[in-house]
Amino acid sequence: MSAWVLPDHIADVLPSEARHIEELRRSLLDTARGYGYELIMPPLLEHLDSLLTGAGQALDLQTFKLVDQMSGRMLGLRADTTQQAARIDAHLLNRRGVTRLCYCGPVLRTWPDRPHVSREPLQFGAETYGHAGREADLESLELALACLRVAQVRPACVDMGDIRIVRSLLESVALDTLAKNAIYAALAAKDASELASLCRGFPAASREGLLALLQLYGDTSVIGEARRVLPAMPAIGAALDDLQWLASRIPDTRVGFDLADLRGYGYYSGVHFAIYAHAASDAVAKGGRYDAVGAAFGRKRPAVGFGMDLKQLVGIVPARGLRGAIRAPWGDAADVRSAIAALRASGETVVCVLPGQESEVDEFRCDRELACIGGEWVARAL
């Protein structure tokens, strides 16, 4: 195999795409800052037991593992940044009130989580710790939509669900992990016959409620139908109230519900959402409430947030035009070097034509040139 061939689902990012990603990264971080989110930069690797503790256990098979030559301990390359943000909130910041954190950096995964994507996503995320109310859920959703607007991506729809509904229906049933996973899989596949078989011996309210979930997807009318057919349990009522409240506060975007959607059931603790765009085959942003994420670090705080992959997002955002640059002759004389330095200090891009250079690079649109006119070096239009 050639030495320059990269591993499957790993790719170089070349100049034009890299520029686009970096401009996108800056704009999203600025948007998060505008909402009061503080930037953190967790390390790419840390001790494996920290990365995979608590809710992080779900990432075990997705995490690259290696031995630290200094300590002999197992290390992991992060497959997601949320666990690290929870550790920072719990131990390094340890604030009493609300903490809003954002980040943007690479994560590594042993397998791509869907076809035709990188195993090295560039993960942007924003998370809020310390507020249990639905107001924080709304802010997270609003920020995700604001980030997409800044990226010039028009959301096609927001899909929402709530893990509390299924958990309430299974609360009175003694199940082991395998049995629960089988029910979750049947719900995800909307397999009515399999689900009916799995919950044949359940209490009537649980069995009928689970089977009803298979039909509870669609527009906002789903909430009313759910109130009619699901058992009157406090947690189910609270979940439906929160979903309806959130949907009523998302203007100019189609909202849908799938009450049998259990993505991240081992991770989320309440409302969860996915935002879709017309040009993308999968959700461009995913998020929700995960109140147990900090428990493994000794500080169980309410938490809600979302994430998106900038490498996926850059493939559907409109191309950004090149900024004008100045072409300048290479010279060793003090006057030309001074003129070039002054232009660069003022924020201009100056591309020097090196001796023997035959062509310009593609990433700089030189619309002016530095020329000596009347003994002075000035930038003039080409």
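The values are calculated or read from the model by the stated rules, or taken from the named source; none is laboratory data. Since the structure is predicted, the reported quantities are computational estimates derived from the model, not experimental observations. Glycine gets a Cβ as well: all are built from the backbone with ideal geometry, and neighbour counts include every protein chain shown. Surface accessibility is based on the protein's heavy atoms, side chains included, excluding ligands, DNA and RNA. Shrake-Rupley method; radii C 1.70, N 1.55, O 1.52, S 1.80 Å.
Please list His91, His9, His272 in order of solvent-accessible area, largest first, computed with a 1.4 Å probe with all protein chains present. List each step's numbers first, then the result.
Details: His91 115, His9 85, His272 5 Å².
Putting His91, His9, His272 in descending order of accessible area: His91, His9, His272.
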In Å², what does the accessible area per residue of the stretch 92-210 work out to with a 1.4 Å probe? 46
For the stretch 156-273, evaluate the Debye formula with one uniform point scatterer on each Cα (no solvent term) and list log10 I(q)/I(0) at q = 0.09, 0.15 Å⁻¹, rounded to two decimals. -0.22, -0.61
So how tilted is helix 15-34 from the main axis of the chain? Cα-based, degrees 0 to 90, rounded to 10. 60
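Determine the gain in length on full extension of the stretch Glu363-Ser197; use 0.36 nm per residue of separation and subtract their C-alpha separation, reporting nm with one decimal. Numbers along the way, then the final one.
Working: separation 166, 0.36 × 166 = 59.76 nm, distance 6.03 nm.
Gain on extension, Glu363 to Ser197, equals 53.7 nm.
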Mean ellipticity per residue at 222 nm, deg cm²/dmol - from DSSP H runs of n ≥ 4 across the chain, formula -39500 (n - 2.57): -9500 deg cm²/dmol
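DSSP beta bridges in the stretch 156-273, what fraction antiparallel, as a percent rounded to 5? Present the calculation step by step, with values, prior to reporting the outcome.
Numbers: 5 of 9 bridges.
Expressed as a percentage, antiparallel bridges in the stretch 156-273 total about 55.
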Rg/Rh (Cα only; Kirkwood hydrodynamic radius) as it applies to the chain: 1.08
Nearest 10 degrees, 0 to 90: what angle lies between the long axis of helix 177-189 and the longest principal axis of the chain (Cα atoms)? 70
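Run the numbers for Asp8 and Ala174: contour at 0.36 nm per residue of separation, minus the present Cα-Cα distance, in nm. Mind dumping the intermediate values first?
Values: separation 166, 0.36 × 166 = 59.76 nm, distance 4.27 nm.
Going from the current span to full extension adds 55.5 nm.
Using r as the Cβ-Cβ distance of Ile316 and Met70, and R0 as 35 Å, what FRET efficiency do you calculate, to the nearest 0.05?
Working: r = 42 Å, r/R0 = 1.21.
Here the calculated transfer efficiency is 0.25.
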Percent of beta bridges antiparallel (DSSP, the chain, rounded to nearest 5): 75
Portion, in percent, of the accessible area of the stretch 325-381 that falls on carbon or sulfur, probe 1.4 Å: 52
Using 0.36 nm per residue, how much length does the chain from Arg114 to Ala345 gain when fully extended, once their Cα-Cα distance is taken away? 78.7 nm
For the stretch 21-167, with all protein chains present and a 1.4 Å probe, just round the carbon and sulfur fraction of the accessible area to a whole percent. 54
Rounded tilt (10° steps) of 234-247 against the dominant C-alpha axis of the chain: 30
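Please give the FRET efficiency for Glu208 paired with Arg249, using the beta carbon to beta carbon distance and R0 = 30 Å, rounded to the nearest 0.05. Please report the intermediate quantities before stating the final value.
Values: r = 32 Å, r/R0 = 1.05.
With a Förster radius of 30 Å, E is 0.40.
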Could you pull out every one of the lysines with an alpha carbon less than 20 Å from that of Lys180, ignoring same-chain neighbours closer than 8 positions? Lys190
